[in-house]
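Following: one structure in C-alpha cells, then a few remarks.
What follows draws every value from the coordinates through simple rules; no lab data is involved. What you see is a predicted model, and the numbers here were worked out from it, not measured in a lab. Positions of Cβ are backbone-derived with ideal geometry, glycine not excepted, and every protein chain shown enters the neighbour counts.
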Amino acid sequence: MEDVTKASVARMYDYLLGGTDNYESDWAACEELLRVAPSTQQIALINRQFLVRAVKYIAGTGEVDQYIDHGSGLPTQNNVHQVAQRADSGARVVYVDNDPIVLAHGRMMLEENPNTTVIEADMLQTKQIFERAEKLKLYKPGRPTAALFVSVLHCIRDDDDARQMVRRVVRELPSGSYIVLCHLASDDAQLRDDVTALMQRVTGDKWGRVRSFEEVERFFEGLDVVGELCDVSRWRPDSDLAPRQEPTEWVEYGGVARIP
C-alpha cells in the first residue's frame, strides 16, 4: 500500500492539471512549490499541450506506429494512445510507470484497448521494458518507434544514469525512430537547488534534480532535432494564439528528435 502521507510527483502533476486523483500531501507540496516557483501550474499545462503536439506530429509522418511512454503519470485527457490512435487506430502504445496509483488507474482505463497497456517498471530498466513490451506483442523490434520522456528525467538524480538510459533507448531503436524529451530547466542555480531540495523533502527523496539548459541539450547529442530545442510552449504551436510561457524562473525545455 502506498504511503499517501508523502507527496507523489504523479499526483502533484495531476493536481496541477485539475485532476482528482491526489491527496492532502500533494496539495500541500504543490502550494509550497508554487511559492518557490509560481509558474509551475502554467508549466504543467504547457507540458501536456506539448506532448499532444509532439505525438500528433510523429503520427502525422506515417512512419511510426508504436510508442513507449516512460514515466507516463496518471491518465488524463489526450493521452498518448488517444492522440496516436486518432491518426492510426492500430497504433500500439506502452506506458511505463512504477507509481501504484498510476498503475491502478492506467489498467482500469486501458483494459478494453487491446493495443495499449501499462507496464510496472522503473524507467531505468530499459532491457526489461522492451522485452515485456515485445512479449505483450505491443512492440516489434526493428520498427520505427517513438520513445517519450516527457517531464520525467528530473526524477533521476544522477546525470550519468539519466543520459545512459536515454542512450540505451536510442541504441535499441532503429533509424527513423523518434525521441520526445522535455525537462524542467533553469539557468538560475539557486532556484535549481531550492526546488530540488524541496521536492526531495516532500516526496521522501523520490526526486532527482532540476538541470540547466546545457545539461538538457546533452540528452539530444547525436540525434537530428526537429526544428529547435526550446521552451516547449514554443515548439510547433497550433497557432499564433497558442499559450506561451513568459520568461520566468524555470521552463519545460526540450523538443523532438529523429534517430538518424
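In the chain, helical runs assigned H by DSSP with n ≥ 4 each contribute -39500 (n - 2.57); averaged across all residues and rounded to the nearest 500, the mean residue ellipticity at 222 nm is -12500 deg cm²/dmol.
About its Cα centre, what dipole magnitude does the chain give when the only charges are +1 on Lys and Arg Cβ and -1 on Asp and Glu Cβ, stated in debye to the nearest 20?
It comes to approximately 880 debye.
For region 155-243, the Cα-based Rg and Dmax, in that order, read 15.1, 41 Å.
Binning all Cα-Cα separations of the chain at 10 Å, short to long from zero, yields these whole-percent fractions: 7, 32, 39, 20, 2.
Reported value for region 9-54: 67 Å³ per residue, from the convex hull of its C-alpha atoms. Take every pair of alpha-carbon atoms less than 8 Å apart whose residues are at least six positions apart; their mean separation over the length of the chain yields a relative contact order of 20 percent. With labels modelled as points extended 7 Å from the Cα through the Cβ direction, what inter-label distance (nm, one decimal) is found for GLU31 paired with ARG201? The answer from the label model is 1.6 nm. Dipole size of region 39-127 about its Cα centre, with +1 on Lys/Arg Cβ and -1 on Asp/Glu Cβ: approximately 300 debye, rounded to the nearest 20. When Lys and Arg each count +1 and Asp and Glu each count -1, what net charge do the other residues less than 11 Å away from LEU138, Cβ to Cβ, add up to? Neighbourhood net charge equals +3.
In the chain, a dipole from Cβ-located charges (positive for Lys and Arg, negative for Asp and Glu) runs towards its positive end, and of ALA29, GLY71, GLY142 it is GLY142 whose Cα lies farthest in that direction. Put simply, region 1-107 fits an ellipsoid with semi-axes of 28, 17, 9 Å; these come from the alpha carbon gyration tensor as the roots of five times its eigenvalues, largest first.
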